[in-house]
Structures are given as C-alpha cells and as structure tokens.
Amino acid sequence: NAGVMQNPRHLVRRRGQEARLRCSPMKGHSHVYWYRQLPEEGLKFMVYLQKENIIDESGMPKERFSAEFPKEGPSILRIQQVVRGDSAAYFCASSPLGTGGTEAFFGQGTRLTVV
Amino acid sequence: GDSVTQMEGPVTLSEEAFLTINCTYTATGYPSLFWYVQYPGEGLQLLLKATKADDKGSNKGFEATYRKETTSFHLEKGSVQVSDSAVYFCALNGGGSYIPTFGRGTSLIVHP
C-alpha cells in the first residue's frame, strides 16, 4: 500500500511563473490537507479538501493560490505568478476520516524555490 | 479554535541523556494527540499517539501520556541517540476542529 505521493520533490520556478504541486493520497483516503512549512517555522495549514469539494480554505492566501481534488486523479495545489516569498516546503497529508481523531499521513513534500 | 504550544528549540543533548519536550494544547471536545518526527529533507512521520485521557503512547523508546487535567502531552525518552536528531511536532485532531493542528516543532540535536 503506497503512502502519500507528492511530486515533484523539488521544483524551481522563476518569478511570475506558475507552480503546480501534486498529491496522491493513500489508497482509501478521501480527505486531503495541504500545509506550508517555511524555514525555522512550523506547519501552516492551507486548505482541506474532499473529493470535488473544498471544505476549508481559511489558510490559503486570497490571491494566486488555488487547490482542487477532482473525482479522478491527484489533488493539485496551484500557485500562479510565483514570488520569492512562496519559496517553502509544501506538504500534503491524507486521512481516511475528517474527524474522529485519526492521524494524518504525510507525503515527502515538494520544495519550491522561486528564483 | 484548537491550538498546540510546544517548547522552543533547539534542544541540545549529549547521547544517553534524558529528553523531555513539553507540549500543551487547547481544544474543545476530546481530541486525539500525536507526536510526529521530521528528519532533514523528509516529510512528517507519526511517532506515537494517544486517543483518550490517561492513555500512554509509546514507540522506539519515546513515550507521552495524555493528561487531560493539565492539557498536556509531553514527549519523553530515557536515553537519546544521535539518530534521534530531528524536528518533533506535537499535534491534535478531532477536538473542535476537523483539521490536524500542529505545534511549531522542536528541533532536537544530539551530540555523541
């Protein structure tokens, strides 16, 4: 049973380009969370999705950032017109249930560098 | 909303020393509590968990007890190794929020 798969592991973008980060949850998991980790900082929640639904996007910047989790295929975190401040590690986590105290399983992360 | 507070690092210890990393939480309801570990360049891995008051989670020599009266879940290990050097995150889920909530992480550095 494969774990949470994120790709790419490393992504370099020039300022103004678009970044697309992909996350395939564990088999049987229908809940996906995206977090951002900046150097020397903790994990900041960005967005919580279920299949075809955004449940909570309270941690997402209002502009340039969007996320989706289609019926088929991976969840995508999209950053348009990237700026240097977007450089960070982005982690995806999945769980089988959205509540009830189950643990979240993490991917290896995508390290985005904006040059 | 739910929140987790853990001690700031880095925590620097010599090999075989005793480790404590403090974690306290605020939550409505009765959350489950977790410790995750992150090695350099990697994602977070679940280290241990406890789902109700007075439960003790344990794994690889690490332990933490769910203390409802003090809203705490401190991580302990009797004798650390160099290979334990990593960042440790305290987390909760299933309290007032359906979103796993993490502390800021505590960096542990163990010297030979």
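Rule-based calculations on the coordinates, nothing more; no lab input. Computed from a prediction, not measured in an experiment: that's the story for all the values here. Every residue, glycine among them, receives a Cβ derived from its backbone with ideal geometry; neighbour counts consider all protein chains shown.
Quick look at the values:
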{"item": "Pair list, Cβ < 6 Å and 6+ apart or interchain, from region A:44-72 residues that are on the phi > 0 side of the Ramachandran plot to residues that are basic (Lys, Arg)", "result": "A:52/A:71"}
{"item": "Any hit, region A:16-23, residues being in contact with an Asp or Glu (Cβ under 9 Å, 6 or more places away or on another chain) and more than 11 Å from chain B (Cβ to nearest Cβ)", "result": "yes"}
{"item": "Residues being in contact (Cβ under 8 Å) with a residue 12 or more places away in the chain and either surrounded by fewer than 13 Cβ atoms within 10 Å (Cβ to Cβ) or closer than 23 Å to residue A:93 by Cβ (or both) - total across region B:32-67", "result": "25"}
{"item": "Within region A:56-66, considering residues that are more than 14 Å from chain B (Cβ to nearest Cβ) and outside any loop (DSSP other than H, G, I, E, B), the one surrounded by the fewest Cβ atoms within 10 Å (Cβ to Cβ)", "result": "A:66"}
{"item": "Boolean, residue B:71 is closer than 16 Å to residue A:45 by Cα and among the polar types (S, T, N, Q)", "result": "no"}
{"item": "Residue B:5 being within 23 Å of residue A:88 (Cα to Cα), surrounded by fewer than 18 Cβ atoms within 10 Å (Cβ to Cβ) and among the hydroxyl-bearing types (Ser, Thr, Tyr)", "result": "yes"}
{"item": "Residue in region A:69-84 that is in a strand (DSSP E or B), closer than 28 Å to residue B:94 by Cβ, within 14 Å of chain B (Cβ to nearest Cβ) and not β-branched (Val, Ile, Thr) present", "result": "no"}
{"item": "Matching residues in region B:68-82 - criterion: being aliphatic (A, V, I, L, M) and surrounded by fewer than 17 Cβ atoms within 10 Å (Cβ to Cβ)", "result": "B:82"}
{"item": "Options A:36, A:14, A:22: the member that is within 14 Å of residue A:106 (Cβ to Cβ) and touching a strand residue (DSSP E or B) at 6+ places or on another chain (Cβ under 9 Å)", "result": "A:36"}
{"item": "Identity of the residue in region B:29-76, within 13 Å of chain A (Cβ to nearest Cβ) and of a type in the set (D, E, K, R), that ends up farthest from the chain's Cα centre (by Cα)", "result": "B:42"}
{"item": "Matching residues in region A:90-110 - criterion: being under 14 Å from the mean Cα position of the chain (by Cα) and buried (at least 19 other Cβ atoms within 10 Å of the Cβ)", "result": "A:90, A:91, A:92, A:93, A:94, A:95, A:104, A:105, A:106, A:107, A:109, A:110"}
{"item": "Qualifying residue in region A:37-45 (condition: more than 30 Å from residue B:8 (Cβ to Cβ), at the interface with chain B (Cβ under 10 Å from one of its Cβ atoms) and part of a strand (DSSP E or B))", "result": "no"}
{"item": "Lone unmet requirement of (1) at negative phi; (2) touching a residue at least 60 places away in the same chain (Cβ under 8 Å) for residue A:28", "result": "(1)"}
{"item": "Residues of region A:85-99 that turn out to be more than 11 Å from every other protein chain (Cβ to nearest Cβ) and either under 19 Å from residue B:97 (Cα atoms) or in a strand (DSSP E or B) (or both), as a count", "result": "2"}
